[in-house]
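Asks: My questions all concern the structure below.
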């Protein structure tokens, strides 16, 4: 989990309670979300969270990791895309300001959650949960096909 410095402290009691303990199952990293830092972060990956090593390591491959920006409105329909097999970064802005234009310009994919009725936006946590569920479902389907 990569958070901008102005993100609420991940150990805030409300965050810990809302995460229902999941917070302690993944590494948390605070970083400036400027283009240079995002380029650096695209070369990083997490070890498998099933082992106990939760540190960042530099990825040896020079291949760029896709940046998927949660975009509302617009972007490709979340229900109609296939997530990259090599993984990627999901960037979600906050409800009031979203992501900066510099970050949006770096995105390789803009993906939106289809809305119903007159909904203008979703809570960032809800949107992230919907994306995470879709990504996880794609991983499960892929492993069943293997």
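Bear in mind these aren't lab numbers, they're just calculated from the coordinates by the rules spelled out. Note that the coordinates shown come from a computational prediction; the quantities given were computed from them, not determined experimentally. Because the Cβ atoms are built from the backbone with ideal geometry, glycine has one as well, and the counts that use them run over all protein chains shown.
Asks: Under a crude label model (7 Å from the Cα following the beta-carbon direction), how far is residue 31 from residue 6 in nanometres?
Replies: 2.0 nm
Asks: Still on this structure, I have one more. Between residue 120 and residue 132, what is the label-to-label distance in nm when each label sits 7 Å out along the Cα-to-Cβ direction?
Replies: Placing both labels 7 Å beyond Cα along the Cβ direction yields 2.7 nm.
Asks: Starting with the highest mean, order 102-114, 18-30, 122-134 by the number of other Cβ atoms within 10 Å, averaged over the residues of each peptide.
Replies: For the peptides 102-114, 18-30, 122-134, the packing ranking is 102-114, 122-134, 18-30.
Asks: Let's test the formula: R0 of 22 Å, r as the Cβ-Cβ distance of residue 95 and residue 17. What FRET efficiency results, to the nearest 0.05?
Replies: The value I calculate is 0.65.
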